[in-house]
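Report on the following structure.
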Amino acid sequence: MSLGNAKRTANKEKRRELREQLSPDKEVSKDRKLVKEEVNRRLVSGLQTISLEYDSLYNYEKASLNKDCELLSLLFHRMFFYRLNEKLSGLNCDHTLRLSKQILTQMQLSRGKINEIFEVFKKNDGNCDCEILYNIESQLIGK
């Protein structure tokens, strides 16, 4: 198993454990089609119409410890990390930001904003797609 796969597997396990511990206040949709539509809606427009299980993973206190929390929180709520994890599952990380760039482009962000986000990722040890999930997403979720 490559280092990237090991990191993703560890992060996936962490999210699974947290999901089991957390009990969301709102009813969450588990219908795959509705979840996919909601992820796409948030990714492109940023509009939340239904509550997802993924939302309950976010930890405001933990996220606020990072000085870039505003930008990272925006990416979390726009489902960037969710989509990145989805795209990386089953693949070996090529240790580039290729998938991240694809997702940020789908989010219709300007080239300048994408470069700003990449700088924040690098500052937080997110030098490739798998490290973004392992090092940065883990700063936003959990206890």
- Between Leu91 and His77, what is the spin-label point distance in nm, taking each point 7 Å from the Cα along the Cα→C-beta axis? 2.8
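Which of the pairs Lys62/Lys101; Lys87/Lys113; Lys67/Lys87; Lys33/Lys62; Lys67/Lys113; Lys101/Lys123 have their Cα atoms more than 24 Å apart in this structure? Provide the component values of the computation, followed by the final result.
Numbers: Lys62/Lys101 26 Å; Lys87/Lys113 22 Å; Lys67/Lys87 27 Å; Lys33/Lys62 31 Å; Lys67/Lys113 17 Å; Lys101/Lys123 17 Å.
Violating the 24 Å limit, Cα to Cα: Lys62/Lys101; Lys67/Lys87; Lys33/Lys62.
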- Quick one: P(r) of the stretch 31-143 from all Cα-Cα pairs, 10 Å bins, percents rounded to integers, in order of increasing distance. 14, 49, 34, 3
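Taken together, the values in this text are just the output of simple stated rules run on the coordinates, not laboratory data. These figures come from a predicted structure and were not determined experimentally. Ideal geometry is used to build each Cβ from the backbone, glycine not excepted, and the neighbour counts take in all protein chains shown.
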